[in-house]
Amino acid sequence: MYRKLVLTLSDFKLKFDQKLCETCPTYDCLVRCQYMNLDKEVAKIEMQKMVRGENSFVLYRCVTCYACEEYCKRGNHPFYLISDLQEKNSILPMPKPLITQWINTGIPTKKDIREFWGAVEPVISLCLFPEYINSIEGKLFEGFSIVVGRYFFCQLAYLHFGRPSIIRERLSSIIENIANHGFQEIVFFHDECYSTFTSYTQAYGIQVPFRSVHLFEYLYGRLRELEDEISPLNVKVAYQRPCSSRLAPEKEHFVDDIFNLIGVERVEREYDRENSLCCGGIIRGQQRYDLFVDVQRRNVVDMVNAEAEYCVFNCPMCFASLSEAVVKRDIKPIMMHELCRLALGEVIKS
Amino acid sequence: MDRVCERLARIVGENYVSNMKEELYIYSQDPGMMEPREPDYVVMPKTTVEVQKIVKLANEEKIPVIPVGGSLSLSGLVIPHKGGIVLDLKRMDKIIEVNERCRYVVIEAGVTTGRLKAYLEKHYPRLRFSIPDAPPSATVVGNIVIHGQGHLSQQYGFNSDMVTGLEVVLPTGEICKIGSCSVSPYWFSLAPLPDIAGLFLGWFGTTGIITKLGLRLYPRKKLRDIEVFIVEDPHLVPDVVYRVTHTEMAEDIFVNAQPYPPIFKDIIMMGICITGDSEEELEFKRRMIWNVLRTYIDSKEGGFMMTTPDVKRALLEMPITGTTRFADVMKGGGFEYCGPIIPVEKYPEAYKKLLELSSEYGVTYGNTCRVIGRGHCMMFAFGYPFNRADPDNMERTKKALHESNVASLDIGGVPWKPEVPAQKMIMARMDKNTLELMKRIKRFLDPNGIMNPGNWEG
Ligand SMILES: Cc1cc2nc3c(=O)[nH]c(=O)nc-3n(C[C@H](O)[C@H](O)[C@H](O)COP(=O)(O)OP(=O)(O)OC[C@H]3O[C@@H](n4cnc5c(N)ncnc54)[C@H](O)[C@@H]3O)c2cc1C
Ligand code: SF4
Ligand code: SF4
């Protein structure tokens with residue numbers, strides 16, 4: 001029986017504490033932004049404008065890398081504010097046809113399955129990435145049910161398109177659908193989903209009736225169980241942090257934990273951790289071609305200089321946008337879960 | 001075996017002639033809408049002399065002859081509307097010569113696009129031809145005969161503009177060479193002689209049988225990439241094409257619109273292919289193209305799509321196999337498109353009509369257009385896959401195709417590879433003296449009217 005949760009649009013209001021910004025000692029959200037060179041004074045003026053709901057050049061220049069959500073150490077939500085204001089002021093971060101294209105992409109089609117009868121825990125949601133179904137196998141994922149498709153699409157991507165209201169419009173039915181499967185706990189393949197059902201929903205006061213598990217947290221736990229079977233890979237890797245990981249920085253330590261467990265060395269480089277660069281995909285989508293080329297070049301050169309053999313991805317979209325560039329520099333692109341499978345001696349189908 | 005069959009067997013050998021029901025059935029239809037009709041005989045010659053003998057026999061017996069390549073032109077052009085001998089040319093599959101320095105190839109009539117592509121990739125990796133997106137079993141000659149277009153058409157025009165010479169068997173049986181090869185051992189060009197190749201191009205085999213073809217080859221660069229510019233407003237398409245063609249940086253330019261999957265709904269995609277021997281060359285071209293479209297980007301009316309490597313790979317295929325997969329999207333094995341050649345400026349009108357017809361007749365559509373020349377014109381496909389097992393669906397598709405042909409002519413275009421009814425529509429609007437000239441040429445070349453009858457008959 002399909003249950004309807006009582007969620008309405010008015011439930012979704014950003015919890016943003018203006019006072020925190022008024023008394024902020026650093027304005028790090030904007031000062032640390034890697035795509036705008038702002039000093040503290042300018043950052044303060046622009047932030048104050050935005051806090052008052054006014055227009056700011058930041059709304060036009062933001063590449064939507066989500067990083068300011070992490071740079072703010074005071075628990076505020078500068079990027080969610082930016083995104084809401086972009087929409088309020090009809091500022092389009094991308095050309096209209098790209099926005100249309102992505103809005104349409106999220107609408108379920110006849111081919112999408114709403115109810116995965118027989119799916120039982122442990123369960124993993126592949127979001128909109130059915131192409132990874134065949135990689136969810138082997139010892140790491142023994143016994144897992146997979147759910148996938150537009151009825152499980154977390155919608156958070158619309159933050160990149162200046163259309164956060166779409167997230168709010170659609171999210172309740174996604175949450176309902178997952179809940180109606182009776183899942184108490186669900187592993188999210190894409191950390192954008194994880195961040196949606198944790199950071200984003202918390203910021204907007206949306207109740208989520210299931211526990212979200214970050215893929216890396218799951219992988220780490222499972223690898224610990226299989227520790228005896230791990231053959232250290234002894235390779236040097238660069239890690240490409242995705243934008244959505246900025247919404248869940250508390251899970252970042254699992255990257256190092258996993259690397260330690262499977263015997264890979266995370267190379268020391270300039271653009272890593274809080275200082276990591278966007279994969280470039282969204283910047284290209286914003287049609288900022290020069291910036292896109294520059295960001296990708298700096299990122300990849302940094303990997304090359306650090307002698308990385310692999311570039312490890314968390315996000316399939318980052319993989320799609322950056323893998324060609326790393327391959328051209330003889331660095332092998334690989335998803336984290338596939339790297340883990342290699343450490344277990346499993347063969348990865350290309 | 002009847003008398004004609006025996007005579008044919010004496011020419012080509014018993015294994016290569018048939019009047020068996022099951023074989024005639026295969027040659028009675030193509031994937032399109034035209035009514036099937038069985039031939040009386042199917043014959044597969046191996047040499048020009050065999051073709052010549054068959055044509056002479058057909059004249060004596062007054063039997064129609066229908067030359068057939070891959071049978072993929074879709075508009076019933078190989079259906080023997082009046083019965084007769086189907087001349088399947090697939091056994092004439094020799095690649096006779098590649099002149100690397102002069103960049104041309106000489107092939108027999110049955111060489112398929114797939115085979116020529118594979119051959120060049122293996123033996124002449126620096127050369128390529130303008131491959132169409134038809135399945136690889138389509139013949140190069142069949143494509144030339146219908147004025148096909150391929151991946152190099154934006155740069156060099158219709159594929160038939162790339163002909164450097166022909167060997168033809170005239171409807172009366174003479175073997176005739178056309179172009180430099182009629183005077184010299186070299187097949188480098190049609191010029192500087194009077195151009196009579198046109199007597200055989202666009203005529204659908206009604207004026208003779210091409211047995212050999214000389215075709216231009218072009219440099220094959222090491223790298224190939226694609227940028228996909230998207231807009232919502234069809235009125236922007238002609239100017240985008242104009243700007244991009246002005247840069248002279250693009251290889252193929254195609255324009256696609258389709259309702260499925262959702263990522264393609266409500267938008268128009270312009271695929272702009274670029275090639276280069278180095279990353280620098282590619283990057284230079286890419287930037288030129290981005291720059292020239294900057295005003296549309298700044299106004300937010302258009303932008304380059306975020307393409308994943310998978311999408312790129314699919315769009316960079318040659319031929320693009322997605323086109324063939326789409327052709328069978330309704331299952332049941334039916335596909336036809338009305339692909340008029342139109343002025344690029346008429347794109348918005350054609351697009352509007354396509355949407356109207358799709359909704360009026362409740363048929364799904366796929367629209368692929370290919371820019372020909374530097375924006376000189378474009379092929380606009382009103383493409384309708386249909387289910388042959390569903391008569392209602394077939395009937396609606398038939399009406400949509402008919403209306404598409406009417407609309408194409410109304411907007412100033414000319415249906416490409418038209419089926420017989422559309423040929424009649426064209427001829428009804430054609431300048432009377434032109435039509436008369438066509439008739440005279442046809443009567444002169446084919447006095448017994450044996451060549452692919454039904455086609456181009458006024
Ligand atoms: C999915 C799909 C995609 C396509 N994409 C393209 C495309 O991108 N570009 C394009 O141009 N076409 C395209 N086509 C149309 C068509 O398939 C091609 O043009 C193809 O090359 C035609 O060649 P064929 O061998 O099938 O010709 P056939 O259909 O066998 O013949 C075409 C005509 O030429 C005549 N003919 C054949 N051989 C001779 C000869 N030796 N001498 C005299 N007359 C002859 C036939 O009698 C007939 O009238 C596509 C078709 C499909 C199904
Ligand atoms: S969002 Fe955070 S970092 Fe930015 S001004 Fe407010 S409190 Fe400071
Ligand atoms: S999302 Fe990224 S680009 Fe935008 S303001 Fe925040 S840090 Fe800067």
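The values are calculated or read from the model by the stated rules, or taken from the named source; none is laboratory data. These numbers come from a predicted model, not from an experiment. Every residue, glycine as well, gets a Cβ built from its backbone with ideal geometry; the counts of neighbours run over all protein chains shown.
I need a count of the residues in segment A:17-31 that are closer than 23 Å to residue A:286 by Cβ and either more than 9 Å from ligand 3 (Cβ to nearest atom) or polar (S, T, N, Q) (or both). Before you say what the answer is, go through the steps one by one.
Looking only at segment A:17-31, we keep the residues that are closer than 23 Å to residue A:286 by Cβ, and these are A:29-31.
When the remaining residues are screened for being either more than 9 Å from ligand 3 (Cβ to nearest atom) or polar (S, T, N, Q) (or both), the result is A:31.
Going through segment A:17-31 one residue at a time, the tally reaches 1.
Name the residues in segment B:7-32 that are part of a helix (DSSP H, G or I) and in contact with a Lys or Arg (Cβ under 8 Å, 6 or more places away or on another chain), would you?
B:11, B:12, B:16 - these are the residues of segment B:7-32 that are part of a helix (DSSP H, G or I) and in contact with a Lys or Arg (Cβ under 8 Å, 6 or more places away or on another chain).
I'm told residue B:247 meets every condition in (1) touching a residue at least 24 places away in the same chain (Cβ under 8 Å); (2) surrounded by fewer than 20 Cβ atoms within 10 Å (Cβ to Cβ); (3) in the same structural domain as residue B:108 (by TED's automatic domain parsing) except one. Can you identify the failing condition by its number?
The failed condition is (3).
With segment A:236-350 as the region, which helices (runs of 4 or more DSSP H) entirely inside it contain at least 1 residues that are among the charged types (D, E, K, R) and more than 14 Å from chain B (Cβ to nearest Cβ)? Explain how you work it out, then say what you get.
Working: elements: A:253-262, A:281-285, A:289-305, A:316-328, A:336-343.
Passing ranges, in order: A:253-262, A:289-305, A:336-343.
Which of the residues belonging to segment A:134-151 are within 19 Å of the chain's Cα centre (by Cα) and without any contact (Cβ under 8 Å) to a residue 40 or more places away in the chain?
Within segment A:134-151, A:147, A:148 qualify.
Going by the structure shown, is residue B:32 more than 16 Å from ligand 3 (Cβ to nearest atom), at positive phi and not assigned by TED's automatic domain parsing to the domain that holds residue B:118?
Against the criterion (more than 16 Å from ligand 3 (Cβ to nearest atom), at positive phi and not assigned by TED's automatic domain parsing to the domain that holds residue B:118), residue B:32 does not qualify.
Can you tell me which residues in segment B:288-307 are more than 7 Å from chain A (Cβ to nearest Cβ) and modelled with pLDDT of 95 or more?
Those that are more than 7 Å from chain A (Cβ to nearest Cβ) and modelled with pLDDT of 95 or more: B:288, B:289, B:291, B:292, B:293, B:294, B:295, B:296, B:298, B:299.
Considering every residue within segment A:193-208, establish whether at least one is in contact with an Asp or Glu (Cβ under 7 Å, 6 or more places away or on another chain) and closer than 25 Å to residue A:13 by Cβ.
First pass over segment A:193-208, keeping only residues in contact with an Asp or Glu (Cβ under 7 Å, 6 or more places away or on another chain): A:205-206.
From what is left, the residues that are closer than 25 Å to residue A:13 by Cβ are A:205-206.
Checked segment A:193-208: at least one residue is in contact with an Asp or Glu (Cβ under 7 Å, 6 or more places away or on another chain) and closer than 25 Å to residue A:13 by Cβ.
Enumerate the pairs (first residue in segment A:77-89 and farther than 14 Å from residue A:247 by Cα and assigned to a loop (DSSP other than H, G, I, E, B); second residue anywhere and at pLDDT 95 or above and away from ligand 1 (no atom under 16 Å from the Cβ)) with beta-carbon separation below 8 Å, excluding pairs fewer than 6 apart on the same chain, so at least 6 apart or on different chains.
The qualifying pairs are A:89/A:55; A:89/A:59.
Limited to segment A:43-76, what total is found for residues that are more than 7 Å from ligand 3 (Cβ to nearest atom), more than 14 Å from chain B (Cβ to nearest Cβ) and outside any loop (DSSP other than H, G, I, E, B)?
Adding up the residues that qualify gives 14.
Would you tally the residues in segment B:241-287 being within 12 Å of another protein chain (Cβ to nearest Cβ), in a helix (DSSP H, G or I) and not charged (D, E, K, R)?
Result for segment B:241-287: 4.
Taking residue A:54 and the conditions (1) touching a Pro at 6+ places or on another chain (Cβ under 7 Å); (2) acidic (Asp, Glu); (3) away from ligand 2 (no atom under 11 Å from the Cβ), which numbered condition does it fall short on, given that it satisfies the others?
(1)
Filtering segment B:215-232 down to residues that are within 13 Å of chain A (Cβ to nearest Cβ) and in a strand (DSSP E or B), which residue is nearest to ligand 2 (Cβ to nearest atom)? Working first, answer last.
Residues of segment B:215-232 that are within 13 Å of chain A (Cβ to nearest Cβ), as a first pass: B:223, B:225-232.
Filter once more, so that each one left must be in a strand (DSSP E or B): B:223, B:225-231.
Working: B:223: 44, B:225: 40, B:226: 41, B:227: 37, B:228: 37, B:229: 37, B:230: 35, B:231: 37 Å.
Among those that are within 13 Å of chain A (Cβ to nearest Cβ) and in a strand (DSSP E or B), it is B:230.
Among the residues of segment A:32-42, are any in a loop (DSSP other than H, G, I, E, B), within 14 Å of chain B (Cβ to nearest Cβ) and within 13 Å of ligand 3 (Cβ to nearest atom)?
Within segment A:32-42, the first condition is being in a loop (DSSP other than H, G, I, E, B), and the residues that meet it are A:32-39.
Now narrow it down to the ones that are within 14 Å of chain B (Cβ to nearest Cβ): none.
Taking every residue of segment A:32-42 in turn, none turns out to be in a loop (DSSP other than H, G, I, E, B), within 14 Å of chain B (Cβ to nearest Cβ) and within 13 Å of ligand 3 (Cβ to nearest atom).
I want to confirm something. Restricting to segment A:94-116 and keeping residues that are within 7 Å of another protein chain (Cβ to nearest Cβ) and β-branched (Val, Ile, Thr), which single residue is farthest from residue A:59 (Cα to Cα)?
From segment A:94-116, those within 7 Å of another protein chain (Cβ to nearest Cβ) are A:94-98, A:100-101, A:104-105, A:107, A:109; that's our starting set.
Still in the running and β-branched (Val, Ile, Thr): A:100, A:105, A:107, A:109.
Values: A:100: 20, A:105: 25, A:107: 27, A:109: 33 Å.
Here the residue is A:109.
Looking for something in contact (Cβ under 8 Å) with a residue 12 or more places away in the chain and surrounded by 24 or more Cβ atoms within 10 Å (Cβ to Cβ) - is there at least one such residue anywhere in segment B:183-193?
Yes, because at least one residue in segment B:183-193 is in contact (Cβ under 8 Å) with a residue 12 or more places away in the chain and surrounded by 24 or more Cβ atoms within 10 Å (Cβ to Cβ).
Scan segment A:164-216 residue by residue and report those that are within 29 Å of residue A:74 (Cα to Cα), in contact with a Lys or Arg (Cβ under 9 Å, 6 or more places away or on another chain) and assigned to a loop (DSSP other than H, G, I, E, B).
Passing the criteria: A:204, A:205, A:206.
Pick out the one residue from A:97, A:93, A:25 that is more than 16 Å from ligand 1 (Cβ to nearest atom), part of a loop (DSSP other than H, G, I, E, B) and crowded, with 19+ Cβ neighbours inside 10 Å.
After ruling out the rest, the residue left standing is A:93.
What number of residues within segment B:76-98 satisfy the criterion of being part of a loop (DSSP other than H, G, I, E, B) and under 28 Å from residue B:181 (Cα atoms)? Before you say what the answer is, go through the steps one by one.
Step one: of segment B:76-98, the residues part of a loop (DSSP other than H, G, I, E, B) are B:76-84, B:89-94.
Now restrict to residues that are under 28 Å from residue B:181 (Cα atoms): B:89-94.
Final tally of qualifying residues: 6.
So residue B:35 ticks every box in (1) touching a residue at least 12 places away in the same chain (Cβ under 8 Å); (2) surrounded by fewer than 17 Cβ atoms within 10 Å (Cβ to Cβ); (3) assigned to a helix (DSSP H, G or I) but one. Which box is left unticked?
The failed condition is (3).
For segment B:391-458, list the helices (runs of 4 or more DSSP H) that sit wholly inside it and hold at least 1 residues that are touching a Cys at 6+ places or on another chain (Cβ under 8 Å) and in the same structural domain as residue B:377 (by TED's automatic domain parsing); which are they?
It comes to B:391-410.
Quick one: residue A:117 ticks every box in (1) of a type in the set (A, V, I, L, M, F, W, C); (2) modelled with pLDDT under 95; (3) closer than 30 Å to residue A:35 by Cα bar one, so which box is it?
(3)
List the residue pairs whose Cβ atoms are under 6 Å apart, where the first residue sits in segment A:40-65 and is not assigned by TED's automatic domain parsing to the domain that holds residue A:287, the second is part of a helix (DSSP H, G or I) and of a type in the set (Val, Ile, Thr), and the two are 6 or more positions apart or on different chains.
Sorted first by the residue in segment A:40-65, then by its partner, the pairs are A:40/A:31; A:43/A:31; A:46/A:58; A:62/A:82; A:63/A:283; A:64/A:282.
What is the residue count in segment A:57-77 for residues that are aliphatic (A, V, I, L, M), within 15 Å of ligand 2 (Cβ to nearest atom) and touching a Cys at 6+ places or on another chain (Cβ under 9 Å)?
So the count comes out to 2.
From the set of residues in segment B:336-361 that are part of a strand (DSSP E or B) and β-branched (Val, Ile, Thr), which is surrounded by the fewest Cβ atoms within 10 Å (Cβ to Cβ)? Steps first, answer last, please.
The initial filter retains those residues of segment B:336-361 that are part of a strand (DSSP E or B), namely B:336-338, B:341-342.
Add one more test, that the residue is β-branched (Val, Ile, Thr), and what stays is B:341-342.
Values: B:341: 20, B:342: 22.
If we take residues in segment B:336-361 being part of a strand (DSSP E or B) and β-branched (Val, Ile, Thr), then B:341 is surrounded by the fewest Cβ atoms within 10 Å (Cβ to Cβ).
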